[in-house]
Structures are given as structure tokens and as C-alpha cells.
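Each remark here refers to the structure printed beneath this line.
The values are calculated or read from the model by the stated rules, or taken from the named source; none is laboratory data. Remember, predicted model here, so these are calculated numbers, not experimental data. Here Cβ is always computed from backbone atoms with ideal geometry, including for glycine, and neighbour counts include all displayed protein chains. What goes into the accessible areas is simple: the full protein's heavy atoms, side chains included, and nothing from ligands, DNA or RNA. Shrake-Rupley method; radii C 1.70, N 1.55, O 1.52, S 1.80 Å.
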Amino acid sequence: MTLSSDVAGAARGPAKSGRRRPSRTPKGRQLDIAAVEEVQALLTDKSRRRDLLIEHFHLIQDHYGHLSAAHLAALAAEMKLALTEVYEVATFYSHFDVVKEGQTPPPPITVRVCDSLSCAMAGAEKLLKELPGKLGADVRVVRAPCMGACDRAPVCAVGHVQTFRATPGNVAAAVKSKPHAHAWHEHIDLAAYQKAGGYSLLKDCLAGKRTRDEMIKIVSDAGLRGLGGAGFPTGRKWSLVRAEPAPRMFAVNADEGEPGTFKDRFYLERDPHRFFEGMLIAAWVVEAPSTYIYVRDEYPEIRLMLSEEIKKIESAGLSPHTAIHLRRGAGAYICGEESAMIESIEGKRGLPRHRPPYVAQVGLFGRPTLEQNVETLFWVRDIVEKGVEWATSQGRHERKGFRSFSVSGRVKNPGVKLAPAGITVRELIDEFCGGIADGHTFAGYLPGGASGGILPASMADLPLDFGTLEKYGCFVGSHAVVILSDKDDMKAVALNLMKFFEDESCGQCTPCRVGTEKAVKLMEQGPWNKALLVELSAAMRDASICGLGQAASNPLICVLKYFPQELTKPLRTW
């Protein structure tokens, strides 16, 4: 090992001239001229703004299949960013394959196998074992978190195009055909939507026939809440953002990544303009000159379809009050958290921000920001046109309204079920899902996705709605319901969910980063050390920055509390 000229010169002392000797070689990674030209050819006349960094990563990876060290250095130079800043963002997101100098690039085709709960129950582990031998050395097979198709489990993605109810045979066929993300579910396009009366409400708003206060009152009286999981009253959120100084921003969360959740996908695939109209009305209410839609990378067909429909909206003059920007996620569940999503839209790592200030005060690009979930905006038009009474007349067990439940697991007919708020899981299974799957006995359920906890079948008559399950250590969140049976080991269910949180932790805070990893190790060992797991869960809950770490141990605690008979049994996997 030799000293560089700078270090060696310093060791000898200053030169006689009193000036430091210049380095014999330039510092840092040297630019590859060919890589610079390749990056410039991809970017063409696109802006080099800092917030477009992730979008430019996608351009390079889509073209070359990975992000090479030379391309990252060239991109850093083009955008006038420090290479370390570019590198830290690229390596944060799981869908970017960063290839260091001297490393071998990944094979041209990657098959991602979802190993989250519903897919694990449907045979994901068997696929992971069989696919490498079936597909050969030219195809890379990797584990991946929930892909938002839990009702069609197990799911694999060839590239990013998904194969539903995957088998080694149909995945091999998909690899052979090399599918491209161009075809999407048959949806109601702009012409059909307008023919059925669509955008009349928006036009009334823009023409001054409706007032902003009127719209806020209607959604408030109807009880519309944030349907991404938090359940914050929509009208109140609109009012809070409007009270902040202009200019204000609007960020739409289409990054549903909670295992068991796929309702946003369902509505976007079928009726995207009902969502767009609600979004444009909300942008008008808070007077946001810019609207950003953040779409998860696992939904490429939806993203491409939305891009085409946005062009139609702009050509039709339906968005004169706000500029619409479509941003692409890159495989990070944490970006479903509102402040982490805002960081990602700004082209940064998706690290949740400390609060206060809240995003309604200091959000996207430092401005007051309205953040909304897709489904919340989807219902705005119906609520206003059909009236408050229509929205509140539904409901069971003293609850009002309706909810979209993503149901998967051990039922005959999984899928998105539009059901009364407050319905019980027993009613949901019997009336909307055709009953429990043949050969299975109902044993338990997740009422609110991976972080919502686990309840036993003996508690199947509790109303499912915001505020009804918290006293039991659970919550409905995004209304992702996964049904479990006697064929499922509840310890294995909790372990699968904890592994998901371990993998998806952003790493910013120690209680979550280390806590999830430690919890997985303790849960894999047997028998479970109840006292130690409870102590660890308390530390994660009390000291984590965001909801991921705070709620990650809910399923674990529920197994300890509601399934004590399982604790002495050996761990059974699927």
C-alpha cells in the first residue's frame, strides 16, 4: 500500500515554495466519457432538477437493466450533485440494481416472487425453491414484498409485469414471452366518463357555481376520512391546509404497499377518472398550483395508463388550476408514509420526517401540503352528487358509511368488497366472500393488514371500523383483511409479518432498524421468550420515529395475547 502524492507530500512537510504540491491524479471517481454520452442520450432535453433524480434512475435502469458505477458518476455530474448523494439514493430503493465497479451485472431478466403473507399461504416458498431450476441461470429469482395482488396469490413479477396465481409453468411461459408493461385492465376512459356525466362537478367548481367552503362542509358531514390507513377527517384536513399561506402543494399517495391491501389498484384499474375528478376538486379547494401523484413501481400498467389519461385531461382543459406530475416509486414500503413519500418525490431517500412540523404546514418543497390517499379522492364526486344522506345511510352496528375491504387468504371469493362500515368479519366472510375456503376452518384474521394485529375467530363479531378495535390492540387501517384457518400457524403468520417490517425498515432509527431484526431472530427460535419479546416490542412502539416501527410488533403481541396455546408448539411453515 502506497501513500498518495498529497499524503506523502504532507508527511515530508511543505515544499520550499511554501505551496502544497498538486495531486498527480484527480481526486474522486473519474468520469467515463462513454457513460456521460449514454446518460445524456437518455436524458435528452429533460430537466436536471434535483427532484427528478429517481425518475432519471428509472430511465437508466429501464434501458440498461441496472445502474452501473460509471452511469451513476455521469448522472451526478449532469445533475451537479455529489456522487455520494446520488449513490445513497440509488441504493436505498430495492428496485434499483446498483452494480459496483468490477461486479457482474444481474441477468437480463429478474423474476420477483412475492413472499408476503397471502402469497406465502398460497405456496410462495415452493415457487422460490422450484423456479431457479425451471428458469435456468440466465434468470434471477429473488424474494419480493407484497405486490398488491393478494386476491390472486401467489404472484410473481417478470421484470415488473405480474403473473397471477403463479405456477412454475406459467412463470416460465411469461419469461419466454418477455412481457412488457403496456396492456392494462379495461377501464373507463375520459370519453366514456364524460359521457356519463363525469367532470360536471369539477366544471361547476371551476366556474364558481360551487364554493370551497360548501365542498368542505359536504365531505365533512358525510364523514369522509383518509382511507389509506390513518382515517383523518378529510374536510378537516382540507381546512387545515387552506389556512396555511400560499403557495400550497398537493401530494397523492398511490403507493399502497401494506400486505393484504389492493383496493387502490382495483379502483384505478377500472375507473381512474372518478379518482382524477376528486383529485382535481381537492386541488381546487386548497388552491394547489401543483399536484404530484406518487404511484408504486409494482403497478407499471396503471402508471402508464394514468400517464395517457393525464394527457387527455390536460388537452381537454380540465386542469387549468393545477399542474399534474406523475412520479414513480422504486420499491420502498416506507414511502407509503406521507412524509417519506414527500422525501421520495423530492428525489431523496424515503426517510420519514420528525414531527412537528406536519406536512400540512411544511411539506413538499417546504410548502404546506395536502396529502391524500387514492380511495379517499375516488369517493368525492359520489358523495357530493348523491348527497350526505346517501353516504351516511349505510353502515352496521352503530357505524355510518361504507368501506372498501381488501379480502384475501382462506376464503372462497377474495377481492375488494364494498361493504357497510362496522360490518363484522364473520358477516364479511359469509355475505361477501362465499364463506371459508373448502377444507379450512376459520381460526383468525388480520383486520387491518400487516400492522393491524391478529384476532382469533372467537372475536369475529367485532365491528370493523376506525376506533372499534384499538382497545384490543388492533386497528382496521387500510381495511386489508386476511383470513386465517386451522392450516396456518399463528406464530408463522407473525414471523412472516415481522420479516416484512425488518426488510422494509428505512433504517433511520435504531428501535425499528435493530428491533425488527432482533424480533425476527427471537421469533425464529423456540420457544418464544415472552418477557423479552414484550420488552422489545415496548421499546419499538415507544421510541420509533414513524408508524412502521411503532406498529410492527402488533401481530406478535396479538399472538402472545390471543393464541397462547400456539406458543408451546413447534413452528410450522407453509
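For the chain, what does the relative contact order come out to in percent, with C-alpha contacts under 8 Å and a separation of six or more? Rounded, it is 12 percent for the chain.
A Förster radius of 56 Å, combined with the Cβ-Cβ distance separating T441 from K311, puts the computed FRET efficiency at roughly 0.65. Using a probe of 1.4 Å, the accessible surface attributed to W574 totals some 80 Å² when neighbouring protein chains are kept in position.
Between F232 and G226, the built amide H atoms are under 5 Å apart, and every one of these is 5 or more places off in sequence or on another chain.
Tell me, what % of the accessible area of segment 387-513 is carbon and sulfur with a 1.4 angstrom probe? Before the final figure, lay out the partial values.
Working: 2020 of 4350 Å².
Roughly 46 percent, rounded to a whole number.
Distances between placed amide hydrogens fall under 5 Å for A323 paired with S290, T291, all partners being 5 or more residues away or on another chain. Here Y64 sits with roughly 80 square angstrom of accessible surface, probe radius 1.4 Å.
Surface composition of segment 236-279: carbon plus sulfur atoms hold 55% of the accessible area, using a 1.4 angstrom probe and ignoring ligands, DNA and RNA. Kindly identify segment 163-236 as rounded, prolate or oblate by the Cα gyration tensor criterion: order the square roots of the eigenvalues as a ≥ b ≥ c, call it rounded if a/c is under 1.5, otherwise compare a/b with b/c, prolate if a/b is larger, else oblate. Oblate, because a/c is 1.5 or more while a/b does not exceed b/c. The residues of the chain expose on average 43 square angstrom of accessible surface per residue, using a 1.4 Å probe on protein heavy atoms. For segment 199-358, the relative contact order works out to 21 percent when only alpha carbon pairs closer than 8 Å and six or more residues apart are counted. Sites listed here are trypsin sites (Lys or Arg not before Pro) in segment 433-502 whose DSSP assignment is loop and whose Cβ has at most 16 other Cβ atoms within 10 Å: K487.
Loop-located trypsin sites (Lys or Arg not before Pro) across segment 171-275 with a Cβ neighbour count of 14 or fewer within 10 Å are K209, with loop assigned by DSSP. For segment 459-545, how many pairs of lysine residues have a Cα-Cα distance under 24 Å, where the two are 8 or more positions apart or belong to different chains? Qualifying lysine pairs in segment 459-545: 14. The DSSP beta bridges internal to segment 290-441 are antiparallel in roughly 55% of cases. Taking a straight Cα-Cα cut-off under 22 Å and skipping sequence neighbours fewer than 8 places away in the same chain, the lysines within cross-link reach of K176 are K126, K129, K134.
One chain, two ends: A34 and F164. Fully extended at 0.36 nm per residue, the span grows by 42.8 nm beyond their Cα-Cα distance. Most simply put, the chain has about 40% antiparallel DSSP beta bridges, counting only bridges with both residues inside it.
Note the listed values (i) 25.3, 91; (ii) 30.7, 104; (iii) 29.4, 99, then indicate which one is Rg and Dmax of the Cα atoms in Å calculated from this particular structure. Identified label for the calculated read-out: (i).
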